[in-house]
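Report on the following structure.
Nothing in this text is a laboratory measurement; each read-out follows from the coordinates by a stated rule. The structure displayed is predicted, hence computed values, not measured ones. No Cβ is skipped: glycine too gets one built from the backbone with ideal geometry, and neighbour counts run over all protein chains shown.
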Amino acid sequence: MELRDGSALIDWLVDGARSAAQPQEVLAELCDGLAAGGMPLWRVAVLVRTLHPEMMGRRFVWQPGQPVEVRNAPYMMDTQEYRDSPVTQVLTSRAPLRRKLCDPDCPMDSGLVRDLRDQGGSDYLATPLIFTNGDIHLASWTTKAPGGFTDAQVSTLLAIAAPFARVAEVRALRRTAENFLNTYVGRHAGERILAGQIR
């Protein structure tokens with residue numbers, strides 16, 4: 001599926017990203033559509049937090065030509081690495097954070113920022129994904145394009161954040177409901193119940 005410009009992608013998200021059955025497919029179609037429209041994406045990461053004693057949430061990472069990587073993000077909120085990270089800054093401020101890595105004066109204020117620069121990244125933008133209950137989650141967008149993202153490209157990514165958050169919230173709530181039902185009525189039953197198979 002090709003979604004070549006920001007407005008088409010926003011419409012697709014507002015419509016529920018219905019062509020994508022799984023959360024990783026939403027991210028893949030979104031990033032592939034942006035790339036097809038000329039957005040020079042090198043790495044996109046999404047963190048959806050969850051209530052869990054041993055993990056902070058689910059982490060999705062997209063890179064061109066590769067399957068979306070999905071894994072549990074370890075619980076590390078008590079570490080200095082986490083306190084210094086862009087994730088913490090965005091979750092605390094509820095505002096986007098940009099690090100223009102190709103700029104000699106760019107603050108190298110976290111291990112992640114330094115790692116992305118060392119791998120050839122030229123620009124990094126982290127955007128909050130704000131759910132309707134006020135919870136903050138995160139999407140980050142990195143490029144290797146010379147000079148980083150243009151102002152127009154940053155505007156497109158910022159405009160996508162709100163409808164992307166709505167889709168992420170719906171998918172996260174469905175996963176929570178399935179896990180809850182599977183816990184109490186048996187493995188895989190939650191998905192069948194949510195699909196209406198209740199007789």
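With +1 assigned to the C-beta of every Lys and Arg and -1 to the C-beta of every Asp and Glu, and no other charges, what is the dipole magnitude of the range 94-140 about the Cα centre in debye, to the nearest 20?
Values: 6 positive and 7 negative charges, 19 e Å.
The calculated dipole for the range 94-140 is roughly 100 debye.
So what's the net charge close to Arg117: Lys and Arg +1, Asp and Glu -1, counting the other residues with Cβ under 13 Å from its Cβ?
Numbers: positive: Arg43, Arg99, Lys100, Arg114, Lys144; negative: Asp103, Asp105, Asp109, Asp115, Asp118, Asp123.
Taking every Cβ under 13 Å from that of Arg117, the sum is -1.
What Kirkwood hydrodynamic radius, in Å, does the range 81-143 give when the mean of 1/r is taken over all pairs of distinct Cα atoms and then inverted?
About 12.0 Å, per the Kirkwood formula over Cα pairs.
What is the extension gain from Lys100 to Gln22, computed as 0.36 nm multiplied by their sequence separation minus the C-alpha to C-alpha distance, in nm to one decimal?
Once the chain is fully extended between Lys100 and Gln22, it gains 24.9 nm.
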